[in-house]
Amino acid sequence: MIKLGIIVDQTITRSVLQAVSHLPDVDLKGIYFSGGAAVSDQFNVIYNPGELMDSSDTILVLGEKSLSPDMVRQLIRRSKRLFLHALPEASAADINEIIKLEREAGFSCRLFSPFFSCSQFEIFQQKSDSPELVQVRTCFHGAQKNWGTQIQQLMLGLCKKAQNHPKRLDVYSRPEPHALVNFRIEYENGTVNNITVSQDLSESVIEIAGNNGILIKHFEQGLFAYSDENGLLAAIRNFLSEKAPVNSEQLSFDDFGLIRPVFEELKERMRHNDLHV
């Protein structure tokens, strides 16, 4: 039986919490409502996160609010398994330190990505043994996820698909009309991602060219419009049922560490080219 604790903010609905509480082999020890989240009497509410960690061996951190690296380190030290819904505000040095701490603790924290949990993104889950040209056109979606989070999540999904290390970043100083940023990532295995993020694009397109021909997927909205509750619940179920220490379909801080330096370079290049979002 899994002794489960949940840390949650106001962006998570009660239906998600109820669904998690009814999963098989789960003993929900309590929920800590952070920030401005409304306290619900439907669940065992715990008012001290330390108390939640002491009573649980597995922690889900759900919501759009990013945790500090210090909080992530504390959670790793005091729990046996950890799932983060939002990417933490962590530097490359923070990530390396967290990875070292994970190895000492004997487990890897899991990071949520809609691109490996939502059914609409099956195209991301199709791996290739040869280099591919992947072209993505999308737009930022909603106010809950800022532009940095959305680009990092997209980078994570594409890097996981490439199954390789990013080698080079190019940022186009004069983006296309209505585009906020155009950039290109080249990987060590020859795979290339061309990414365009626009302000007012009504649809998104992913085009993949490889040895198996050309695959094109159209989306009616920005990609993050499809990050739904069903995808989050699928990721949680996968995490809780995970038997092996490593699951290639779930993201870890090792994956996060691959794209973080590229993202930091992208931010600097955008500022240098006077590209503001």
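Since every read-out is calculated from the coordinates, none of them should be taken as a lab result. Just so it is clear, the structure is predicted and the values come from calculations on it, not from any experiment. Reconstructed Cβ throughout: ideal geometry from the backbone, glycine too, with neighbour counts over all protein chains shown.
Hey, what did the range 2-107 get for relative contact order, percent, Cα under 8 Å, at least 6 apart?
Worked out over the range 2-107, it gives 27 percent.
Between 0 and 90 degrees, rounded to the nearest ten: what's the tilt of helix 147-162 against the longest Cα principal axis of the chain?
The answer is roughly 80 degrees.
To the nearest Å, what is the center-to-center distance of the range 160-234 and the range 84-148, using C-alpha atoms only?
Between the Cα centre of the range 160-234 and that of the range 84-148, the gap is 13 Å.
Among N44, I216, L266, whose Cα projects farthest towards the positive end of the dipole of the chain, with charges put on the beta-carbon of Lys, Arg (+1) and Asp, Glu (-1)?
So the residue we want is N44.
Give me the Debye-computed log₁₀ of I(q)/I(0) at q = 0.07, 0.14, 0.15 Å⁻¹ for the chain, equal point scatterers on Cα only, no solvent, two decimals.
-0.26, -1.03, -1.16
Per 0.36 nm of contour for each residue apart, how much would the distance between E97 and D70 grow if the chain were fully extended, relative to their Cα-Cα spacing?
Taking 0.36 nm per residue and subtracting the Cα distance, the gain is 8.7 nm.
Under 5 Å between amide H atoms, partner at least 5 residues away or on a different chain: which partners does Y32 have, H built in plane at 1.01 Å?
I6, I7, V8, I46
For the range 2-107, what is the per residue volume of the convex hull drawn over the alpha-carbon atoms, in cubic angstrom?
Considering the Cα atoms of the range 2-107, their hull volume per residue is 90 Å³.
Relative contact order of the chain: what whole-number percent is it, with Cα pairs under 8 angstrom and at least 6 residues apart? Don't skip to the answer; put the middle values down first.
Numbers: 514 pairs, mean separation 50.3, N = 277.
The value is 18 percent.
Angle between the Cα long axis of helix 69-78 and the longest principal axis of the chain, 0 to 90 degrees, nearest 10?
Computed tilt is about 40 degrees.
For D41 and Q126 in the same chain, what is the full-extension length gain: residue separation times 0.36 nm, less their Cα-Cα distance, in nm?
Gain on extension, D41 to Q126, equals 26.3 nm.
Could you go through the range 49-55 in sequence order and give the Karplus-derived ³J(HN,Hα) for each residue, using 6.51 cos²θ - 1.76 cosθ + 1.60 with θ = phi - 60°, rounded to whole Hz, and x for Gly and Pro?
Using θ = phi - 60°, the values come out as x, x, 5, 5, 5, 5, 8 Hz.
Do the sum for the chain: with -39,500 (n - 2.57) for every DSSP H run of n ≥ 4, divided by all residues, what is the mean residue ellipticity at 222 nm, to the nearest 500 deg cm²/dmol?
One gets -10000 deg cm²/dmol as the mean residue ellipticity at 222 nm.
Can you give me the angle between helix 92-105 and the longest principal axis of the chain, using Cα atoms only, in degrees from 0 to 90, rounded to the nearest 10?
In the chain, helix 92-105 runs at an angle near 40 degrees to the longest axis.
Quick one: 3J(HN,Hα) in Hz for the range 219-234, Karplus 6.51/-1.76/1.60 with θ = phi - 60°, rounded, Gly and Pro as x.
Those phi angles translate into 10, 6, 9, x, 4, 6, 5, 9, 7, 9, 5, 4, x, 5, 5, 4 Hz.
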